[in-house]
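Chemist: I'd like to ask you about the structure that follows.
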Amino acid sequence: MRIVERGVLSAGEPGTPRATLTFPAVLPLARGGLLATLRAGSSKDSADERVELWRSDDLGRNWRGPAPLPEPPAFDGALGTLKLCYLTERAPGALIAAAMWVDRSTYPGLPLFNPATEGCLPMAILLSDSADDGASWSPWRRVPLPVELGPPSLTSPLLCLADGTLAMSIETNKAYDDSTPWRQRAVLLHSRDGGQSWGSPIVAAQDPDGRIFNWDLRLAVGPDGRIGSFAWTYDSAAARYAAVHRRVSRDGGRSWSMAEALGFADQAGRPAVLPDGRVVLPWVDRFGSRSIRARLAPSIDETFSAEGEVLIYALDGQGAGAVASTGDLLAEMSLWTCGLPYATALPDGDVLVLYYAGTPERMDIRWARITV
């Protein structure tokens with residue numbers, strides 16, 4: 001693989017509510033063009049955050065925007081913000097947006113994660129539909145989820161399976177003041193009616209002992225229907241990241257293979273699947289090379305070889321120190337100035353990777369085009 005072009009989708013604007021741009025995602029549309037989402041705010045965690053839409057008509061070289069999504073509603077009197085949004089195309093022109101809403105009223109002024117308890121602010125998953133390639137959207141509707149999941153994190157776009165079923169990946173969390181041990185897990189829920197109703201959660205990744213956390217589960221569907229999941233794997237007892245873990249499902253996410261360590265750490269990005277089944281996986285190595293990189297595998301369950309690995313972005317050549325606890329690590333998330341790579345296969349056979357990068361005062365959404 002090699003990187004053939006680079007650019008900036010949107011630049012942060014220091015000192016404004018668009019100073020910090022993060023959580024990029026991009027969708028190639030069946031009728032042509034790309035539609036991207038990103039989160040804008042005055043900092044990485046702020047009550048003025050919002051999600052923007054951007055369009056490209058030349059496969060990501062130039063972008064126009066921003067256009068807003070519908071304003072998030074209040075729930076039980078609580079006002080909130082949209083932290084991130086992923087788009088899925090169910091049929092040509094028919095899109096569904098899945099967003100993560102954060103309650104900013106119940107604990108006003110407090111950060112997303114509570115470093116003392118490892119809990120997080122109340123959250124919800126919202127859905128909106130578009131029948132015109134994202135030109136207009138329906139009002140947000142809230143996905144009813146079991147209380148035992150806690151505040152739900154959305155970790156990937158909704159998957160559209162071969163039979164039309166939608167699959168949603170949710171990461172469980174603890175309530176903000178809950179000081180009991182965090183029994184973290186990732187689950188999948190399925191919908192057979194276009195996201196109007198959802199089935200019971202199915203465990204996709206969990207350590208029965210509660211020591212290993214499977215964060216930010218990134219999912220991709222291969223041409224043969226198999227789903228691959230890639231987890232940002234954290235050892236809470238040792239307070240360190242482990243290698244990215246992969247699991248594979250052959251039945252639409254209803255059962256999964258045993259976790260397989262891929263040999264490189266730490267945060268997996270959203271993988272791109274090419275029409276022939278090859279997979280490009282970007283990831284962030286925060287504590288080693290301090291860089292964003294990508295590797296290629298022949299299929300969803302084969303080896304990601306170091307040969308042909310590409311460097312997408314580098315902070316510097318220095319490694320970072322270890323953290324003392326999970327709470328410290330969660331608090332430190334707001335300090336990182338690059339990450340969250342999101343890859344997609346383009347119609348011309350290349351792969352586009354979006355990511356955020358910059359300085360504490362300004363973070364941009366940047367892109368790299370990879371020829372495979």
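Read-outs throughout are calculated quantities, based only on the coordinates presented, and are distinct from any laboratory measurement. Because the structure is a prediction, the values reported are computed rather than measured. Reconstructed Cβ throughout: ideal geometry from the backbone, glycine too, with neighbour counts over all protein chains shown.
Chemist: With Cα extents along the principal axes in Å in mind, check [x] 66, 55, 41; [y] 50, 46, 44; [z] 60, 48, 32 and report the label derived from this structure.
Modeler: The value computed from this structure is option [y].
Chemist: Still on this structure: Taking the Cβ of each residue in Thr337, Thr22 as the centre, tally the other Cβ atoms inside 10 Å and list the residues starting with the fewest. Before the final figure, lay out the partial values.
Modeler: Values: Thr337 15, Thr22 26.
Ranked by crowding around the Cβ, least crowded first: Thr337, Thr22.
Chemist: Averaging sequence separations of C-alpha pairs under 8 Å and six or more residues apart, then dividing by the length of the stretch 230-323, give the relative contact order as a whole percent.
Modeler: 20
Chemist: By per-residue mean of other Cβ atoms within 10 Å, what is the highest-first order of 345-351, 36-42?
Modeler: The most tightly packed comes first, giving 36-42, 345-351.
Chemist: Sort the following peptides by mean Cβ neighbour count (other Cβ atoms within 10 Å, averaged over residues), highest first: 187-197, 119-129.
Modeler: The packing order, highest mean first, is 119-129, 187-197.
Chemist: Using the Cα centre of the chain as origin and beta-carbon charges of +1 (Lys, Arg) and -1 (Asp, Glu), tell me which of Ile365, Leu79, Trp232 is placed farthest towards the positive end of the dipole.
Modeler: Ile365
Chemist: Taking H placed 1.01 Å from N in the peptide plane, check which residues at least 5 places from Ala204 or on another chain put their amide H under 5 Å from its amide H.
Modeler: Result for Ala204 returns Ala186, Val187, Leu188.
Chemist: Using only Cα atoms, what is the ratio of the radius of gyration of the stretch 148-300 to 2.2 N^0.38 Å?
Modeler: 1.04
Chemist: Would you calculate, for the chain, the mean residue ellipticity at 222 nm contributed by helices, counting each DSSP H stretch of 4 or more residues as -39,500 (n - 2.57) and dividing by all residues, to the nearest 500?
Modeler: Theoretical 222 nm ellipticity from helices: -500 deg cm²/dmol.
Chemist: Of all beta bridges DSSP finds with both residues in the chain, what is the antiparallel percent, to the nearest 5?
Modeler: Details: 108 of 111 bridges.
The antiparallel proportion sits near 95 percent.
Chemist: About the Cα centre, and with charges only on the beta carbon of Lys, Arg (+1) and Asp, Glu (-1), how big is the dipole of the chain? Nearest 20 debye, please.
Modeler: 260
Chemist: In whole percent, what relative contact order does the stretch 2-371 give with Cα contacts below 8 Å and a gap of six or more residues?
Modeler: It comes to 16 percent, rounded to a whole number.
Chemist: What list do you get for Cys160, Cys338 if you sort them by fewest beta carbons within 10 Å?
Modeler: Least to most surrounded, the residues fall as Cys160, Cys338.
Chemist: Something else: What order do you get for 204-212, 151-159 when each peptide is scored by the mean count of other beta carbon atoms within 10 Å, highest first?
Modeler: Highest-to-lowest ranking by the protection proxy: 151-159, 204-212.
Chemist: Debye calculation, C-alpha points only, no solvent: report log10 I(q)/I(0) for the stretch 18-160 at q = 0.09, 0.12, 0.13, 0.20 Å⁻¹, in the same order as the q values.
Modeler: Log-scaled intensity ratios, in q order: -0.28, -0.49, -0.57, -1.25.
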